[in-house]
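Since the structure comes first, as structure tokens, the remarks are kept for the end.
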Amino acid sequence: MADTKQVQAAVYRGDNGDRLSVETLGLAAPQHGEVRVAVRAAGVCGSDRHVLDGEWQVQLPAVMGHEAAGVVEAVGPGVRGLGIGDHVVIAWHQACQRCGECTSGKPWACTRAKSNDSLLPDGTTRWSEADGSAAFPYLATGAMAEAIVVPEFAAIKIDERVPFDVASLIGCSVGTGYGAVVNNARVVAGEAAVVVGAGGVGLSIISALRLAGATPIIAVDVSEAKLREARRAGATHAMMSGADLGERIAEATDGGADVAFEAIGRVQTMQQLPELIRPGGRAVFVGLPPEGQKVEIDGLLLAYDGKTIIGSNYGGLVPARDFPRVASAYLSGALPLDELISARVRLDDVNEAFDAMRRGERTRSVILFDA
Ligand code: APR
Ligand code: ZN
């Protein structure tokens, strides 16, 4: 097709272990209500790794990545709210915008969204291979590419003073962490909080807890390096994981935290979470375990102690409301996000970036693209 643009992208075919290949694919022009965004930064997120390591199944071949920021470079017919040159953060959860959930501030609960099937909301893809067969944007985004096409509502305009690398994280890890604290757990000043797992999502939770005024903020991890980063992000205490964690936290919080977050996606640490909170406390599941795994919880203690378990999907975000709020908090200095980025890399380095994540070395690598 004449309007199809040739675009470099990181593609996962599932036929070469966990490796991605950087290839040129066709990207069709934006259709009604859609925009094409020149990606300027794409974060390397744990959810992509779940796919590459075979823990979650997706449609193949997949253009990977789902955490991006960039500049609008083309608009389809009927686009009213965005223009060429606007700086945008991409929302990977693309809800229908019309159902009861969407219209009552819970777009993340929309059952018609097709993001998890790697399809745009109309059930199609704009990506194609040289032979014309379809390729699929992971989480309806496929952010590890020079350009992407998304619905207008999934490209949220933000202040141009936010650098692209920080902006990209707002679309997933930072937005998820902020939303878990503000929307799901509704943390208020003075509450005692624990965050188990200080990776990209965990550190985002920690920085949002600081914004909300939680104290103490206790970070838990298995890596000393991650615990040092957690302190930089705003944790007041750092603890190594272990069987006696509940006792150590009870001691530091005078009987247990008000709220605890799991930000790894491990069944064992999810099970441990209710033990870290005091009666009446909240345990928030943010990390996503491999498909089909079960969590065992003591039902009697949960009921007797009046504890609440909260599932947090995409931080309960309303992207058009929350992304600009996160950007404002960053620009005011209240939400430190630069510290979350540990490496800036090129698209060709994508496999090495995932390897560094597997080794637990880096909090967040961000892939940068030229203007
Ligand atoms: N106890 C404590 N911390 C642990 C443990 C453990 N048993 N095992 C691993 N960790 C730490 C790692 O050292 C790392 O710092 O958990 C952190 C996980 O961070 P990342 O690998 O950077 O993952 P992230 O991108 O933050 O995503 C976490 O959230 O959205 C989901 O899909 C995502 O399930 C994933 C989770
Ligand atoms: Zn993500």
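The values are calculated or read from the model by the stated rules, or taken from the named source; none is laboratory data. Fair warning: this is a prediction, and the values are worked out from it, not measured in the lab. Here Cβ is always computed from backbone atoms with ideal geometry, including for glycine, and neighbour counts include all displayed protein chains. Please note that ligands, DNA and RNA were not included when accessible areas were found on the heavy atoms of the full protein model with its side chains. Shrake-Rupley method; radii C 1.70, N 1.55, O 1.52, S 1.80 Å.
For the chain, the longest principal axis of the alpha carbon atoms and the long axis of helix 224-233 meet at an angle near 80°.
Taking all Cα pairs closer than 8 Å and separated by 6 or more residues, the relative contact order of the range 188-297 comes to 25 percent.
Principal axis extents of the Cα atoms in the range 186-311, from largest to smallest and rounded to whole angstrom, are 38, 32, 26.
Local charge for E361 was computed over the other residues whose Cβ lies under 14 Å away, with Lys and Arg +1 and Asp and Glu -1, and equals +1. Using 7 Å Cα-to-Cβ label points, what is the Q59/E339 separation (nm, one decimal)? Using points 7 Å along Cα→Cβ, the separation is 4.1 nm.
Per-residue extension of 0.36 nm, minus the Cα-Cα distance of D348 and D122, leaves a gain of 78.2 nm for this segment.
For the chain, the mean projected area of the C-alpha convex hull, equal to one quarter of the hull surface, is 17.5 nm². Contact order, relative form, for the range 1-132: 23 percent (alpha carbon pairs under 8 Å, 6 or more residues apart, mean separation divided by residue count).
Look at the dipole of the range 28-185 built from charges on Cβ: of N116, I158, V37, the Cα furthest out on the positive end belongs to I158. Here the simple spin-label model places points 7 Å from the Cα toward Cβ, and for S104 and A371 these points are separated by 4.6 nm.
Per residue of the chain, the DSSP helices (runs of n ≥ 4 H) give a summed -39500 (n - 2.57) that works out to -7000 deg cm²/dmol at 222 nm. For the chain, the longest principal axis of the alpha carbon atoms and the long axis of helix 319-332 meet at an angle near 70°.
Could you please state, rounded to a whole Å, how far the C-alpha centre of the range 108-138 is from the C-alpha centre of the range 292-329? If we compute the Cα centre of each part, the gap is 27 Å. One chain, two ends: R358 and V22. Fully extended at 0.36 nm per residue, the span grows by 119.0 nm beyond their Cα-Cα distance. Sparsely packed loop sites in the range 29-97 (the trypsin sites (Lys or Arg not before Pro) outside DSSP H, G, I, E and B with at most 15 other Cβ atoms within 10 Å) comprise R80. Accessible surface area normalised per residue over the range 186-311 is 45 Å², counting heavy atoms of protein chains with a 1.4 Å rolling probe. Only Lys, Arg, Asp and Glu carry charge here, each on its Cβ (+1 for the first two, -1 for the last two); on that basis the chain has a dipole of about 760 debye about its Cα centre.
In the complete set of protein chains, residue-level accessible area for S328 is approximately 70 Å², probe 1.4 angstrom. Taking the range 1-52, how much of its Cα-Cα pair set, in percent, is spaced more than 12 angstrom apart? Summing the P(r) of the range 1-52 above 12 Å gives 74 percent of all pairs.
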